[in-house]
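The values are calculated or read from the model by the stated rules, or taken from the named source; none is laboratory data. Since the structure is predicted, the reported quantities are computational estimates derived from the model, not experimental observations. Here the Cβ positions follow ideal geometry from the backbone for every residue, glycine too, while neighbour counts run over all protein chains shown.
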Amino acid sequence: MAEQKGLVRSGIVVSTMTMISRVLGLIRDVVLARVIGDTPAADAFYVAIKIPNFLRRLFAEGAFSQAFVPVLAEYRERGNVAALKLFIDRVCGFLGLSVVGITIVVVFFAPQVMIVFAPGFVDEPEKFALAAEFLRITFPYLALISLTGFAGAILNSFDRFAIPAITPVFLNLSLIGAALWLAPLFDEPAFALAWGVLIAGAVQLVFQLPFLAQINLLPTPRVKKDKGVSKVLRLMIPALFGVSVSQINLLFDTIIASFLPGGSVSWLYYSDRLAELPLGVFGVALATVVLPTLSRKHARGAGELFSETLKWASRMVFFIGLPAAVALIILAEPLIFTLFGYGQLSDRGVFMSAWALRAYALGLLAFMWIKVLATGYFAQQDTKTPVKIGIIAMVVNMAFNVIFVWWLYDKELGHVGLALATAASAWLNAGLLLLGLKRRQVILPSTLKWVSLVPVVSTILMGAALQFAVLQLDLNWVMADFVTRVTHLSWLVVLGMVIYAACIPLLGWRKAQFVSPK
């Protein structure tokens with residue numbers, strides 16, 4: 001019970017810090033929509049940042065973290081401080097050498113890389129040239145943010161969750177500053193944003209270093225292999241694919257979107273940013289907090305506690321993810337109009353983004369659940385099973401891409417088909433992960449009680465109230481001014497939160513459902 005209370009407190013800290021970052025991220029995207037909207041330069045810029053951002057998810061948040069944290073937990077349990085420090089130094093050396101090498105290659109061959117990731121831009125020479133130049137500026141961000149993620153993983157393993165969680169704030173501040181103050185200095189404002197990305201990477205890395213020094217674990221990079229480094233690499237290589245299937249799917253979406261009508265890449269970006277808000281605030285935060293705990297329990301052989309912690313985390317995913325998904329579907333247009341519907345973003349772009357947001361929202365619960373279920377494998381140092389599941393989900397996603405884009409293309413909603421395919425494959429991924437855990441007796445059939453009807457019924461009531469309220473408002477969001485949009489959207493959001501929060505205890509959930517795993 002005490003440890004679970006500690007998890008709750010840590011989760012609240014991470015979620016709070018992440019919420020601050022995400023709110024600033026929304027402000028950042030509002031500014032970007034005003035400055036570049038869904039113009040050709042916007043499409044080029046969003047593709048250019050997707051490539052290093054995808055690799056950041058692998059090196060900083062995904063496969064590397066999932067492989068590194070369990071091995072770090074083993075070294076910590078042994079109590080040998082010198083061996084722990086040497087292990088960290090050597091991992092830092094290999095990671096740094098790898099990401100710097102990749103960065104040099106990509107910067108040098110930027111046009112060739114862009115052909116791979118956005119082949120549809122080749123027929124638009126101006127947009128293609130912009131995208132390649134943006135990539136040369138933004139890609140070094142990968143090396144900086146990967147080392148930032150490495151530092152954050154160490155801090156998280158020593159229960160210093162707040163600093164890594166607040167670090168992304170600097171990316172948002174940097175881009176906002178670049179948009180407001182640097183953009184007027186460039187003929188093409190998107191160049192200022194590209195430089196803002198690079199500046200943010202350096203600031204985020206420097207910010208975390210003093211906190212590593214406080215726990216005497218500031219790395220001194222050493223390029224020398226040992227058993228610990230080899231184990232991390234062995235665990236990481238298959239996990240590079242398995243843990244980030246959703247990110248790989250999003251990149252495939254970008255490739256196909258480059259062939260769709262102009263603006264499609266930008267529409268997917270704005271909708272994805274809103275879908276990422278609950279995922280980043282809660283899903284990633286919960287997985288971040290749970291992984292070190294599960295790793296320690298596995299190292300101690302505490303199988304029952306391992307399972308109970310995973311069930312508790314899954315229950316929390318349903319508690320947050322279900323109402324968030326329904327709210328995004330119902331409030332898609334009001335959200336996009338209020339946040340992004342200004343400046344360079346056209347009214348058509350708002351409607352197109354809203355449809356993509358609804359499609360992404362259908363998979364939100366699965367995206368969040370994958371984050372938690374994957375920790376059950378990685379804490380046991382099993383990266384092979386998720387990679388097998390990832391391959392299946394990825395193949396299915398590509399098939400769905402073809403089917404859904406073909407189905408919706410004539411309706412000018414091809415980009416919605418991409419989002420819908422991503423959501424469908426995420427549900428397959430989550431289902432297969434759950435099935436695998438049940439088979440190894442981690443989550444037993446009799447323990448499915450954590451998927452309670454309480455959040456389901458509460459969400460239905462909340463959704464009905466929101467839909468009724470939207471119809472009653474009958475507001476023309478296109479013609480409404482900023483104050484009117486914000487006022488009405490705020491009222492709708494508060495209404496939904498109050499109804500859901502009121503229904504949960506009325507239908508029987510008490511404090512125990514949130515603190516003590518059943």
What about G376, is it within 30 Å of W477 (Cα to Cα) and either under 18 Å from the mean Cα position of the chain (by Cα) or not aromatic (F, W, Y) (or both)?
no
If you check every pair at least six apart or on different chains, which have Cβ atoms under 8 Å apart with a residue in the stretch 418-444 that is outside the structural domain of V317 (by TED's automatic domain parsing) first and a residue that is modelled with pLDDT of 85 or more and part of a helix (DSSP H, G or I) second?
none
Within the stretch 72-113, residues being among the aromatic types (F, W, Y), part of a helix (DSSP H, G or I) and more than 18 Å from A153 (Cα to Cα) number 1
With of a type in the set (D, E, K, R), modelled with pLDDT under 95 and under 24 Å from the mean Cα position of the chain (by Cα) as the only criterion, which of R136, R160, R90 stands out?
R160
Restricting attention to the stretch 245-283, and to residues there that are aliphatic (A, V, I, L, M) and within 14 Å of A426 (Cα to Cα), which single residue is modelled with the highest pLDDT?
A275
Going through the stretch 333-365 in order, the residues found to be of a type outside the set (F, W, Y), within 20 Å of the chain's Cα centre (by Cα), assigned to a helix (DSSP H, G or I) and surrounded by 24 or more Cβ atoms within 10 Å (Cβ to Cβ) are L335, I336, S353, A354, A356, L357, A359, A361, L364, L365
Would you please list the contacts, defined by Cβ atoms under 6 Å and residues six or more apart or on different chains, that run from a residue in the stretch 378-400 that is over 15 Å from V232 (Cβ atoms) to a residue that is modelled with pLDDT under 85 and polar (S, T, N, Q)?
N397/N249
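Condition check ((1) under 26 Å from the mean Cα position of the chain (by Cα); (2) buried (at least 24 other Cβ atoms within 10 Å of the Cβ); (3) not assigned by TED's automatic domain parsing to the domain that holds V31) across all residues:
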residue: V106; (1), (2), (3): yes, no, no
residue: F109; (1), (2), (3): no, no, no
residue: A118; (1), (2), (3): yes, yes, no
residue: A132; (1), (2), (3): yes, no, no
residue: A178; (1), (2), (3): yes, yes, no
residue: W181; (1), (2), (3): no, no, no
residue: D187; (1), (2), (3): no, no, no
Restricting the search to the stretch 210-229, which residues are part of a loop (DSSP other than H, G, I, E, B) and not aliphatic (A, V, I, L, M)?
N216, P219, T220, P221, R222, K224, K225, D226
Take the residues in the stretch 139-155 that are more than 17 Å from D89 (Cα to Cα) and not aromatic (F, W, Y); name whichever of them is modelled with the highest pLDDT.
P140
Report yes if some residue within the stretch 160-176 is over 22 Å from I20 (Cβ atoms), touching a helix residue (DSSP H, G or I) at 6+ places or on another chain (Cβ under 9 Å) and either surrounded by fewer than 24 Cβ atoms within 10 Å (Cβ to Cβ) or of a type in the set (F, W, Y) (or both); otherwise report no.
no
What do you reckon, is S230 of a type outside the set (A, V, I, L, M, F, W, C), within 21 Å of the chain's Cα centre (by Cα) and either at pLDDT 80 or above or over 15 Å from V372 (Cβ atoms) (or both)?
no
Scan of the stretch 461-504 for residues that are loosely packed, with under 15 Cβ neighbours inside 10 Å and of a type in the set (A, V, I, L, M), ordered by number:
A464, L471, L473, V478, M479, V483, V486, V494, M497, V498, A501, A502
Check the stretch 61-73 and report whether any residue there is charged (D, E, K, R), under 22 Å from L260 (Cα atoms) and buried (at least 23 other Cβ atoms within 10 Å of the Cβ).
no
